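Here is the structure we will look at.
The values are calculated or read from the model by the stated rules, or taken from the named source; none is laboratory data. Since we're looking at a predicted model, the values are computed, not measured. Glycine gets a Cβ as well: all are built from the backbone with ideal geometry, and neighbour counts include every protein chain shown. Note: areas computed on protein heavy atoms with side chains; ligands, DNA, RNA excluded. Shrake-Rupley method; radii C 1.70, N 1.55, O 1.52, S 1.80 Å.
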Amino acid sequence: GADLHYHLTLRFDEAIHGGRHTLPVTRHEHCRACAGTGALRTAEIGCRHCQGSGTVKSARGHMMFSRSCPRCGGTGRQGEVPCPACGGRQTEILSESLTVNLPPGLSDGARMRVPGKGHAGANGGEAGDLYVIVDVQPHPLFRREGDDLHVTVPVAVHEAALGAKIDVPALEGTAWLRVPPGTQSGQRLRLHERGVPSVRDGRRGDLVVEVRLV
């Protein structure tokens, strides 16, 4: 069956921490009335297409041709009728709420595959997959590069000249940062393992603080 694609918009903190999200999904599922066959088994009756003869005739000019009836396979009898629930299409439209687990550290544009939650395949074929594409909203303070977070912090001239210990915004609220003496405007200081957890192994990136003298 065909794959489905769902765009999920997350806040910056939701993408960082992950969690469970419920998605409304509408897809084609195998018809429950006929089990995806498109027909219902009934007592055998004469084929209406060939009038029970098992053959259909066609003319080309002055010549007549006979071939097996495509509806009954040449038997002249039919033991099934189109499914009234799906009209013989084999599938029905199903709407459901699907809960997915999002790992922490998802980045903008990340794709998650949910197997078997796409459209049902024809003639009883396997269903396609559902791909969840993540759209992460920007944060007013932080900028993400890989698993590192970047933030710009104002520092007073005397603090940069003499050195100081300041608090800076972090994912968990605030963090203490030591500004060494002689720090220049635009200099970057790094707080290890205060960034984003990696989707691959869970290891956290760093918080990179860029100093702006005021």
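Annotation: amide H of Arg71 has no partner in the under-5 Å range at sequence separation 5 or more or interchain, hydrogens built in the peptide plane. Once both labels are positioned 7 Å from their Cα atoms along Cα-to-Cβ, the gap between Thr22 and Val81 label points is 4.0 nm. Tell me the relative contact order for region 85-202 as a rounded percent, counting alpha carbon contacts under 8 Å between residues six or more apart. Dividing the mean separation by the residue count of region 85-202 yields 20 percent.
Quick one: dipole size for region 9-75, taken about the Cα centre, charges +1 on Lys/Arg Cβ and -1 on Asp/Glu Cβ, in debye to the nearest 20.
Working: 10 positive and 4 negative charges, 92 e Å.
Here region 9-75 has a charge dipole of around 440 debye.
Counted over the chain, the DSSP beta bridges are approximately 75% antiparallel.
When the P(r) is computed for region 158-203, the part past 15 Å accounts for 54% of the Cα-Cα pairs. According to the calculation over all Cα-Cα pairs in region 79-138, the P(r) per 10 Å bin from zero is 17, 35, 25, 14, 6, 2, 0 %.
Any idea of the accessible area per residue across the chain, 1.4 Å probe, to the nearest Å²? Display every interim value, and only then the final one.
Values: 13030 Å² over 214 residues.
Normalised by residue count, the accessible surface of the chain is 61 Å².
Per residue, the average separation of C-alpha pairs within less than 8 Å and at least 6 apart gives the chain a relative contact order of 23 percent. In a solvent-free Debye calculation with one equal scatterer on each Cα, what is log10 I(q)/I(0) for region 86-178 at q = 0.12, 0.24 Å⁻¹, listed in the order of the q values? Taken in order of the listed q values, log10 I(q)/I(0) reads -0.64, -1.26.
Among the listed options (i) 18.4, 59; (ii) 16.7, 47; (iii) 32.2, 109, the one matching Rg and Dmax of the Cα atoms in Å as calculated from these coordinates is (iii). Can you find, among Ser185, Thr37, Gln137, the residue sitting farthest towards the positive end of the charge dipole of the chain, where Lys and Arg contribute +1 and Asp and Glu -1 at Cβ? The listed residue farthest towards the positive side: Thr37.
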